[in-house]
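Reading through the structure tokens given below for one structure.
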Amino acid sequence: MGNEKDFQQYLLDNENNPEADIILKKILEDVPSENAMLAEEGFKEFALRTGLKRRSFFRAVRRTAISVAASLFLPLLAISIWGLRKASDANTPWAQVNTTFSETRELSLPDGTKVQLRPCSQIIYPEKFFGRTRKVLLTGEAFLDVAKDAHRKFVVSAGDMDITVHGTRFNVSSFPGNEEDEVALLEGSVEMSLRGRGGSVFLSPGELVKYDKQSGTVERRSFATNYYEDVLRAGGLQFNNERLADIAASLTRQFNVNVVVADESLASERYFASFINGEGLDDILAALNTGGHFRINKKNSIIYLSK
């Protein structure tokens, strides 16, 4: 709550400052939303709650993405970016890298950390780390091979999670539209803390943790690290006790085809599956539906899954 108040006060104090325009425009350009009108309504609500009056620069923002309404996501992203700026030197530029549908990008952070950024994801980081903490902001999914540094911890802030490491390899999935966040550790050790809920979870290699954002429950599972990494390296997909609704969202991001689960009871069904041989969307849906649990219908370029 303190960060939110600080950020709101900054905007009010600097509403006519060009720097505030730059920060907000950068946020708005990358806000996931279902359509431009929804994004604009979301921003109006955010501006009203914050106390902003001048919204002229929003007219330039008309980019469509997926996952969640801007009215829910914009305040969280804005406050997170503000918190990241506060954790960085005021004179240090910060960068952001985004991926679109079907796109995976590989990048190196200033400390040598390697990142594989999955489709429809975003990472924000200072162009130079300083102090005793290397902190980045992630929205979406990424695999990180963190450069070892005994004197500076590395922190990934994703959704409600802060994941702290010193040198390790792990995967994080945290999409605003999904009901669960996930951390899978391949090597080293990490501590996953939940902001606002207290407590933390320590992971060992071969452990995967799912965090239910609605109930606040945490589920721990084991997995085969070698196979998990093989799927990542091949650019494949793997679902470990995943809800069908979240699988549909992942397929939408991967193939740039809207996949919709039409029935709520079907949406909560869970699946274990992995795809490593370049399977197409139809092949994956057919494999998931081996038992004939749902119907697959295509209408107006949308794939509907129903009972």
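Would you call E141 assigned to a strand (DSSP E or B), surrounded by 21 or more Cβ atoms within 10 Å (Cβ to Cβ), among the charged types (D, E, K, R) and at pLDDT 95 or above?
Yes, satisfied.
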In the range 140-154, which residues are over 23 Å from E229 (Cβ atoms) and in contact with a strand residue (DSSP E or B) (Cβ under 6 Å, 6 or more places away or on another chain)? R152, K153
Can you run down the residue pairs with Cβ atoms below 7 Å, 6 or more apart or on separate chains, where the first is in the range 277-302 and surrounded by 14 or more Cβ atoms within 10 Å (Cβ to Cβ) and the partner is among the basic types (K, R) and not in a helix (DSSP H, G or I)? F294/K307
Residue list for the range 220-242, restricted to those being at negative phi and under 19 Å from the mean Cα position of the chain (by Cα): L232, G236, L237, Q238, F239, N240, E242
Give the residues of the range 206-219 that are over 19 Å from the mean Cα position of the chain (by Cα) and surrounded by 17 or more Cβ atoms within 10 Å (Cβ to Cβ), sorted by residue number. E207
Would you check which residues across the range 222-248 are of a type in the set (D, E, K, R) and surrounded by 14 or more Cβ atoms within 10 Å (Cβ to Cβ) and list them? E229, D230, E242, R243, D246
I need a count of the residues in the range 270-307 that are within 19 Å of A234 (Cα to Cα) and in a loop (DSSP other than H, G, I, E, B). 5
Quick one: D246 ticks every box in (1) in contact with an Asp or Glu (Cβ under 8 Å, 6 or more places away or on another chain); (2) part of a strand (DSSP E or B); (3) touching a residue at least 40 places away in the same chain (Cβ under 8 Å) bar one, so which box is it? (2)
Matching residues, the range 164-183, being in a loop (DSSP other than H, G, I, E, B) and within 18 Å of A150 (Cβ to Cβ): H166, G167, T168
Breaking point among (1) among the β-branched types (V, I, T); (2) under 25 Å from K213 (Cα atoms); (3) part of a helix (DSSP H, G or I), for V259: (3)
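The values are calculated or read from the model by the stated rules, or taken from the named source; none is laboratory data. Being a predicted model, the structure only gives us computed values, none of them experimental. Cβ atoms come from the backbone with ideal geometry, glycine included; neighbour counts cover every protein chain shown.
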